[in-house]
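Have a look at the structure below before the remarks.
Values quoted throughout were computed directly from the atomic coordinates according to the rules given, and no laboratory measurement underlies them. Just so it is clear, the structure is predicted and the values come from calculations on it, not from any experiment. Cβ placement follows ideal geometry from the backbone for every residue including glycine, while neighbour counts extend to all protein chains displayed.
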C-alpha cells in the first residue's frame with residue numbers, strides 16, 4: 001500500500017465528529033468536534049470541512065474516507081433517524097463540492113468499523129465473522145473472507161429494524177429491536193419505568209442484583225439482542241462475533257449472559273470478543289476506505 005502524501009478519515013456520530021489525517025509514514029493528526037443536540041446537519045458539515053482544512057495542511061490529501069450513520073445514496077442518506085437532519089442531506093454531493101477531484105469514499109459507520117476489525121483488529125484472519133454494534137443504534141456487519149457484506153442496497157445487517165415480540169397487526173410503527181434495546185430506547189424505558197431504581201442505563205446496570213425490576217429489564221434486553229443475533233448467526237455460521245458500541249461498557253453484565261444465550265441456542269457457538277478498536281473502529285475504517293480510494 002502506498003500513499004503519495006496523506007489521507008483523511010472522517011467519522012460522523014450522533015454527538016461528535018472525529019477526523020484523522022494519516023500520512024505515508026504513519027504519522028497522525030486528530031481532531032474531534034462536538035455536535036450540539038439541535039445543531040443543523042449543514043452546520044455540522046461546515047464545521048467538519050473547516051476542521052479538515054486545518055488538519056490537512058498544506059491543504060492537500062490524496063483521498064477522503066467517510067463513515068456515517070445510515071445508507072448513503074447520491075442524493076440522500078437513508079436509515080439515519082438518530083442524527084437530526086441527516087436524511088435530508090446530500091452528503092455525497094457536499095463532499096464532492098468540498099474536495100473536487102480528490103477521491104471520496106463513503107460508507108455506513110458499522111460497516112466501516114467491521115472493515116477495520118477485519119483487516120487489522122479482532123476479526124483479522126477470520127473467514128466468516130460478524131461485527132456487532134450495540135449503541136444508540138443496533139446493527140451488524142457480516143464479514144466473509146475479509147470482505148464486508150453490503151447487500152443489494154447497502155443495508156445488510158440492519159437488524160435494529162427487526163421486530164420485537166409478538167405482532168398482532170403488521171403495520172408501520174411496530175416495535176423494533178433498536179427502539180427496545182438500543183441505547184436511547186433502553187434509556188427511555190428506564191426513565192418511564194416506575195419500579196427500576198435508576199434514571200439511565202448505567203444506573204440500570206448498577207441496580208442489577210439488588211432490584212428485581214432492574215434484573216428483569218436488563219435480562220429482557222439481552223434476550224431480545226440475543227434472539228436477533230442468533231438468527232443472524234444461523235444465516236452465515238460465523239466462527240467469531242466481535243462486539244463494539246457504547247453498550248460494551250457494561251462489561252461482563254453484557255458479555256456473560258449474551259455468550260450463554262448464544263452458546264445454548266447455536267449448534268456451533270462462535271467465539272465472542274470485544275472490539276479491538278473500541279470507539280475508534282469506524283474512524284480507522286474511514287482511513288482504510290481512503291487508502292483504498294488512493295489505490296483504485
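When each of 68, 235 is scored by the number of other beta-carbon atoms lying within 10 Å, the sequence from fewest to most is 235, 68. Going through (1) 72, 46, 32; (2) 77, 43, 31; (3) 59, 42, 37, the figure that equals Cα extents along the principal axes in Å as computed for the structure here is (3).
Cβ-Cβ distance of residue 193 and residue 97, R₀ of 45 Å, FRET efficiency by 1/(1 + (r/R0)^6): the value works out to about 0.45. Between residue 88 and residue 260, the simple spin-label model (points 7 angstrom out along Cα→Cβ) gives 4.8 nm. With both labels modelled 7 Å from their Cα along Cα-to-Cβ, the residue 236 to residue 219 distance reads 3.2 nm.
Relative to one another, the C-alpha centroids of the range 152-169 and the range 216-284 are positioned 17 Å apart.
If you count, for each residue, the other Cβ atoms within 10 Å and average over each peptide, how do 186-193, 8-15 line up from highest to lowest? Mind dumping the intermediate values first?
Numbers: 186-193: 15.9, 8-15: 23.2.
The peptides rank, most packed first, as 8-15, 186-193.
Entry note, the chain: relative contact order of 22 percent, from Cα contacts under 8 Å with a spacing of 6+ residues.
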